[in-house]
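Participant: My structure is below; once you've seen it, I'll send some questions.
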Amino acid sequence: MTLLRRVVPALVLALGLLVPSAVPAQVPAASAPAKAEAVQAAARKSASGKKGRKKAHRRPAITLEEAKRLFEIMAKQPDISFGFPVDGCYARAHLMVRRMQALGYRPGKVWTFARSKRQPLLCRTANHPRGYVTWRYHVAPTVRVRIDKKVYTVVIDPSMFKGPATVARWARAQRSRKNRTPYVCKTRLGQPPRKPNGRRTAGSGYWPSADPRRGKDYHAERVMRLFKPYEGRVAPKKVMKMASRL
């Protein structure tokens, strides 16, 4: 009995040494090149996603000759009061944008704002007896134009120029000798502009406020009908009041 007690533990110990203990399965670690390739693939995917989002908002560029033809077409619109620069830039821009879209173009908008009440925008023009007009803000449509290998944002504004103008030239034409260059803001269609304080205005970018109650198309057409007879002249105060109440 004593011999049995000594032999059994020895056999158990021997068997334990011969049978391998259970080892949890391990997933082989990825090699360094595989890791690097995975990281690079993820980075490419992320970059391509970002580029795709940017391209979705990017408007196609046209040639300078095409921009000149587009300007001529817009300048000849008989119902738009380009000769009444005192007011109505929002309506002119809206109607031009609609007609550019009908022709297959994808325009944007550009805005200028006076930096203070004491420094209004000032535009010299032959379409006012005084020889100039002042604004709190101004807006016009834009198109992207490719010249050589570069793409520029060009303004279509027959109320100020006789052809397409760069944004810088357009903005400089709205300052006096004493005033600084106006605050400039470019927007996509449907996007309200930012004022000099950095805050976006209300509305959808028709003008720097909530959209007209009766709709933008209706409002723009009514404003142009009111101002068209007074091109090159000073409109009566009652006409200006009627326009403000639309």
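Participant: Name the residue that is nearest to S81 (Cα to Cα), counting only residues in region 145-166 that are of a type outside the set (A, V, I, L, M, F, W, C) and out of contact with any helix residue (DSSP H, G or I) (no Cβ under 9 Å at 6 or more places or on another chain). Explain how you work it out, then say what you get.
Facilitator: Applying the first criterion (of a type outside the set (A, V, I, L, M, F, W, C)) to region 145-166 yields 146, 148-150, 152-153, 157-159, 162-164, 166.
Cutting the leftovers down to out of contact with any helix residue (DSSP H, G or I) (no Cβ under 9 Å at 6 or more places or on another chain) gives us 148-150, 166.
Details: D148: 34, K149: 36, K150: 33, T166: 22 Å.
Ranking the candidates gives T166 first.
Residue-wise test of (1) modelled with pLDDT under 95; (2) closer than 18 Å to R59 by Cα; (3) not hydroxyl-bearing (S, T, Y).
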{"position": "S116", "(1), (2), (3)": "yes, no, no"}
{"position": "L121", "(1), (2), (3)": "no, no, yes"}
{"position": "R124", "(1), (2), (3)": "no, no, yes"}
{"position": "T134", "(1), (2), (3)": "no, no, no"}
{"position": "R144", "(1), (2), (3)": "no, yes, yes"}
{"position": "R172", "(1), (2), (3)": "no, no, yes"}
{"position": "S176", "(1), (2), (3)": "yes, no, no"}
{"position": "R188", "(1), (2), (3)": "no, yes, yes"}
{"position": "G203", "(1), (2), (3)": "no, no, yes"}
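Participant: Mind checking which residues of region 163-173 are part of a loop (DSSP other than H, G, I, E, B) and more than 24 Å from R98 (Cβ to Cβ)?
Facilitator: Answer for region 163-173, where residues must be part of a loop (DSSP other than H, G, I, E, B) and more than 24 Å from R98 (Cβ to Cβ): just A173.
Participant: Output the qualifying pairs, or none if there are none: Cβ atoms under 6 angstrom, residues six or more apart or on different chains, first residue in region 132-149 and on the phi < 0 side of the Ramachandran plot, second residue acidic (D, E).
Facilitator: A140/D157
Participant: To continue, here is another question. Could you list, in sequence order, the residues of region 204-246 that are of a type in the set (A, V, I, L, M, F, W, C), touching a Phe, Trp or Tyr at 6+ places or on another chain (Cβ under 8 Å) and more than 28 Å from R194 (Cα to Cα)?
Facilitator: Listed by number, the residues that qualify are A235, V239.
Participant: Let me ask something else. Among the residues in region 211-230, are any surrounded by 15 or more Cβ atoms within 10 Å (Cβ to Cβ), in contact with a strand residue (DSSP E or B) (Cβ under 7 Å, 6 or more places away or on another chain) and of a type in the set (K, R)?
Facilitator: no
Participant: Still on this model: Give the number of residues within region 75-96 that are in a loop (DSSP other than H, G, I, E, B), closer than 17 Å to L246 by Cα and among the charged types (D, E, K, R).
Facilitator: Adding up the residues that qualify gives 1.
Participant: Oh, and also: Being over 21 Å from the mean Cα position of the chain (by Cα), under 14 Å from L70 (Cβ atoms) and buried (at least 16 other Cβ atoms within 10 Å of the Cβ) is the filter here, so list the residues in region 152-185 that pass it.
Facilitator: P158, F161
Participant: If you go through region 178-200 one residue at a time, how many are assigned to a loop (DSSP other than H, G, I, E, B) and touching a Phe, Trp or Tyr at 6+ places or on another chain (Cβ under 8 Å)? So that I can check it myself, show each step before the final result.
Facilitator: The initial filter retains those residues of region 178-200 that are assigned to a loop (DSSP other than H, G, I, E, B), namely 178-182, 188-193, 195-199.
Within this subset, residues satisfying the condition of being touching a Phe, Trp or Tyr at 6+ places or on another chain (Cβ under 8 Å) are 182, 193, 195-196.
So the count comes out to 4.
The values are calculated or read from the model by the stated rules, or taken from the named source; none is laboratory data. All figures in this text were calculated on a predicted structure; none of them were measured in a lab. Using ideal geometry, Cβ is built from the backbone for each residue, glycine included, and neighbour counts are taken over all protein chains shown.
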